[in-house]
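One structure below.
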Amino acid sequence: MEKLAFKDFAPNTIFDFGYASVSEQEIIDFALFFDPIDFHTNKEFAERSMFGALVASGPQLFKIFHLRNWLPLFKDTILAGMELNWKFLKPIYADMKVFCKVIIIDIKPDYEKKRAIVKWHFDFTNEIGDLLQTIDVTMLHSTVN
């Protein structure tokens, strides 16, 4: 997809970002830098934990979809982040296919100030449709770009 301008935004628009997965080593590498908790960084510890195996750090898959899909489409309109509500519902394991869909929930433009408040909703699911994470993000976007 090409970069989108604000004029292309519409409530209830759904963006299907496909899927991504992370290997055990990618989980460890990410966690060592961003979230060094043993069930992310130590395979033996993780196997004895309530998860039974290494699990990805909560933000890891979001980071992948954000960089690979969301930013290329919308970065030219972003002015600021405003609010974030993130729910971690189920663990993400190594080599699990994680699917991401994003919807524009609401748009409140202020054309005089050349900006709009946009509410986004992200769903992360596994192959059988179980919800793994949800994120509601409110962003300030430029109405001119």
Filter result (in contact (Cβ under 8 Å) with a residue 60 or more places away in the chain, acidic (Asp, Glu) and more than 30 Å from His40 (Cα to Cα)) within the stretch 75-131 = Asp76, Asp106
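Does any residue of the stretch 7-18 turn out to be in contact with a Lys or Arg (Cβ under 8 Å, 6 or more places away or on another chain) and over 30 Å from Tyr111 (Cα atoms)?
no
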query = If Phe99 passes every condition in (1) over 17 Å from the mean Cα position of the chain (by Cα); (2) assigned to a strand (DSSP E or B) but one, which one does it miss?
reply = (1)
message = Every residue in the stretch 25-67 that is within 19 Å of Lys87 (Cα to Cα) and part of a loop (DSSP other than H, G, I, E, B), please.
response = Asp35, Ile37, Met50, Phe51, Ala56, Ser57
ask   = What are the residues in the stretch 102-145 that are small (Gly, Ala, Ser) and either in contact with a strand residue (DSSP E or B) (Cβ under 7 Å, 6 or more places away or on another chain) or assigned to a strand (DSSP E or B) (or both), if any?
value = Ala116, Ser142
task = Check Pro11 against each of (1) assigned to a loop (DSSP other than H, G, I, E, B); (2) under 16 Å from the mean Cα position of the chain (by Cα) and name the one condition it does not meet.
result = (2)
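Based on this model, can you work out whether Lys108 counts as on the phi > 0 side of the Ramachandran plot, at pLDDT 95 or above, surrounded by fewer than 17 Cβ atoms within 10 Å (Cβ to Cβ) and more than 11 Å from the chain's Cα centre (by Cα)?
no
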remark   = Counting only residues that are surrounded by 14 or more Cβ atoms within 10 Å (Cβ to Cβ), at pLDDT below 95 and within 15 Å of the chain's Cα centre (by Cα), the stretch 73-96 contains a total of 2
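The values are calculated or read from the model by the stated rules, or taken from the named source; none is laboratory data. Note that this is a predicted model, so its numbers are computed, not measured. Positions of Cβ are backbone-derived with ideal geometry, glycine not excepted, and every protein chain shown enters the neighbour counts.
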